[in-house]
Amino acid sequence: MNPNNASYHYKLSITYARSNKLSKAIRHAEQAVKLEPTDEHYTFHLQHLRAKALLVEAEKLFEESDERLWLAVALVKQAVENDPLSLEAYLLLGIAYARLDEYSLAIGAVKELLKLDPGHSIGNRLLSEYEHKWKQYMRRTSS
């Protein structure tokens, strides 16, 4: 009824996001930012939604061949740039790096996750696992 009301677009975006309709959520969040470009809440919300969309795309690549994992890594890194507080992004980044046998990078990603949530049980378990695998790898390469 009022297409130039940024608040309505923002609220509609939230509703679509809760219903997992990300493309519609992003479209309305973009409209809210366009109408009120100085509103930090609208901008943060849009960045969060864009990060979430990138993570959805990256997760699809996890189900494909390992060659596609580097593309998943690139998408997750973009997601982190959009939403540096995304626990899921750091978790996925760590898992992707570990699947690529890049344990040093996997450890770094999981440590970033744990900076945000030190009690993250999966993160703590993965950190221990990746550190163990990194030590094994280093022993093999130094022999």
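Couple of notes before you dig in:
- Residue check, K52 in a helix (DSSP H, G or I), open to solvent by 40 Å² or more (accessible area, probe 1.4 Å) and in contact (Cβ under 8 Å) with a residue 12 or more places away in the chain: yes
- There is no residue in region 21-43 that is open to solvent by 30 Å² or more (accessible area, probe 1.4 Å) and within 15 Å of the chain's Cα centre (by Cα).
- Residues that are among the basic types (K, R) and under 10 Å from the mean Cα position of the chain (by Cα) number at least 1 in the following helices (runs of 4 or more DSSP H) confined to region 58-132: 69-82.
- Filter result for the condition that a residue is over 30 Å from A106 (Cβ atoms) and either exposed (fewer than 15 other Cβ atoms within 10 Å of the Cβ) or out of contact with any strand residue (DSSP E or B) (no Cβ under 9 Å at 6 or more places or on another chain) (or both), over K77, K11: K11
- Within region 92-107, if we keep just the residues that are open to solvent by 30 Å² or more (accessible area, probe 1.4 Å) and either touching a Cys at 6+ places or on another chain (Cβ under 8 Å) or not β-branched (V, I, T) (or both), the residue that is farthest from W70 (Cα to Cα) turns out to be S104.
- The residue that is farthest from P84 (Cα to Cα), counting only those in region 108-126 that are of a type in the set (A, V, I, L, M, F, W, C) and surrounded by 15 or more Cβ atoms within 10 Å (Cβ to Cβ), is L126.
The values are calculated or read from the model by the stated rules, or taken from the named source; none is laboratory data. Note that the structure is predicted; figures quoted are calculated from it, not measured. In this analysis, Cβ positions are derived from the backbone assuming ideal geometry, glycine residues included, and neighbour counts consider all displayed protein chains. Please note that ligands, DNA and RNA were not included when accessible areas were found on the heavy atoms of the full protein model with its side chains. Shrake-Rupley method; radii C 1.70, N 1.55, O 1.52, S 1.80 Å.
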